[in-house]
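Notes to accompany the following structure.
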Amino acid sequence: MKYLLLIILLSGPATILRAQAPTEQVVTPGRTNAPEQEKKPYVILISADGFRWDLAEKYGANYLLTLRSTGVAAERMIPSYPSVTFPNHYSLATGMYPSHHGLVDNTFYDPKKGRGYRISDRTAVQDSSWYGGTPIWNLAEQQHMLSASFFWVGSEAAVGGMRPTYYYIFNDKIPLDDRLHTVKEWLQLPEEQRPHLILFYLSQVDHAEHTYGPDSKETEEAVHLVDNCIAKMVLAVESLHLPVNYIFVSDHGMASIDTVKGGLELPRSIDTTKFLVSGSETLRHLYGKDKKDVRAQYEALKKEGPEGFDIYLPNETPARWHYTSGDDRYGRMGDILLVAKYPRMIYVRNHKVLPGEHGFDNAIPQMGASFYAWGPAFKNGVKIAPFENVNVYPLIAKILGLTTPEGIDGKIEVLGGVLK
């Protein structure tokens, strides 16, 4: 409850439906669709976290397979680097690479701020100063089209002083049927109050893959759960007879980890008196307290040649990652990067190794994400080659008739051909 009250105090007037609790919807009052927006189509953007590009076929997600056959299916979608959850959900939302929108990892440090960002830190997650770009919900709201979000990364922070008209504080305990009921309620609102853009997030597949591995029966069950959820959503929305377009994506894929060799220890040559270490289980950032120490530490790491790691200065990383010192607009990447080599991961708490992990080089097939789209705006039975996820943003904007901002990395030319 304290988080919801904090948001209200920081963002100005808002009304809460039913009760002031984290399970309840937050509504920004005083907004309506412009008359010209009321006649526009609708987009529901669905993300199933960790839903690797091959899981629908692997586990027989029959509803999704049928739905995508009526529209568009990519061989796979290429996540932005690093291939972890928060940076990629925000890349989907902004059309920008992580180095450009500011969320350079799930966990990182900002030397200018003198503090770090961590996805489990509610204060940081709701602090708009961490988020760059123009999220797709802001783009809609700026052009007087209402939006709604069920747990999308960044939607709880007042980026540019704005949030979606309807949104929820993340709480994965809210039953799926309740979430689906809310989506239908949104689409049954009077036209002037009805969101034309809805974002909807599902975590179950990612959780199962981390805990049991991508080849487990638990992951298969999670895939079927997501498949049934999408089927229920489509059935419920169809009864409203609205021109709704669906885009089903994931943020990244998932790889099976080598549990026999075990996890990677951080190199012994790291001098923690001179460097702050942050990052994830597949990427660690070393931030020098004095930049004069960076070269010596880098050379010490290269000399040690730690097993299972690639060692980079930010100007040495592969150009296709868009993750160099020249890309780092907010100065949040480490002065030295330790990149775990697939299929090894850095030890987590209590010296554990998870059977499933992501965050690796985004060119590795196991990191490939899903992209399916269907509805009245899309051509039928189209299969497309792999593409980068930053291109989803201009596609959504095109469907909704929104003018895109300058400076995004996505291009409508990449996916525009899938539209009728």
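Each value in this text was obtained by applying a stated rule to the coordinates, not by laboratory testing. Remember, it's a predicted structure, so these values are computed and weren't measured experimentally. Glycine gets a Cβ as well: all are built from the backbone with ideal geometry, and neighbour counts include every protein chain shown.
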- Report the extension gain between Thr259 and Arg122 in nm, rounded to one decimal, defined as 0.36 nm multiplied by the number of residues separating them, less their alpha carbon distance. 46.1 nm
- Label-point separation, Val348 to Ile384 (7 Å along Cα→Cβ), nm: 3.3 nm
- Item | Value of [θ]222 nm, deg cm²/dmol, for the chain, DSSP H segments ≥ 4, -39500 (n - 2.57) each, nearest 500 | -7500 deg cm²/dmol
- Note on the structure: Simple SL model, points at 7 angstrom along Cα→Cβ for Glu316 and Leu65; separation in nm is 4.6 nm
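Take the Cβ-Cβ distance between Leu225 and Glu57 as r, set R0 to 25 Å, and report the resulting FRET efficiency rounded to the nearest 0.05.
Rounded to the nearest 0.05, the efficiency is 0.90.
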- Just for the chain, what percent of DSSP beta bridges are antiparallel, to the closest 5? 60 percent
- Item | Part-to-part distance (alpha-carbon centres) for the range 49-66 and the range 315-333, which is given in Å | 33 Å
- Item | Simple spin-label estimate for Asn171 and Ser325 in nanometres, 7 Å along Cα-Cβ | 4.7 nm
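Starting from the Cα-Cα distance between Lys398 and Lys289, subtract it from 0.36 nm times their residue separation and give me the gain in nm to one decimal. Mind showing how you got there, number by number?
On the way: separation 109, 0.36 × 109 = 39.24 nm, distance 4.52 nm.
Working it through step by step, the gained length comes to 34.7 nm.
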- Taking a ≥ b ≥ c as the square roots of the Cα gyration tensor eigenvalues, with a/c under 1.5 meaning rounded and otherwise prolate when a/b beats b/c or oblate if not, the range 193-274 comes out oblate
- Of the listed pairs Lys302/Lys352; Lys113/Lys289; Lys184/Lys232; Lys58/Lys232; Lys184/Lys398, those with alpha carbons more than 18 Å apart are Lys302/Lys352; Lys58/Lys232; Lys184/Lys398
- Item | Chain lengthening between Lys341 and Glu299 when straightened (0.36 nm per residue, less Cα-Cα) | 13.2 nm
- Could you tell me which trypsin sites (Lys or Arg not before Pro) in the range 252-310 are loop residues by DSSP with no more than 10 other beta carbons within 10 angstrom of their beta carbon? Arg268
- Would you work out the charge dipole size for the chain about its Cα centre, treating the Cβ of every Lys and Arg as +1 and the Cβ of every Asp and Glu as -1, and quote it to the nearest 20 debye? 520 debye
- Message: With the cut-off at 1.5 for a/c, could you classify the range 285-373 from its C-alpha gyration tensor as rounded, prolate or oblate?
- Response: oblate
- Message: Mean-square fluctuation check for the chain, GNM, Cα pairs under 10 Å: which of His210, His351, His285 is largest?
- Response: His351
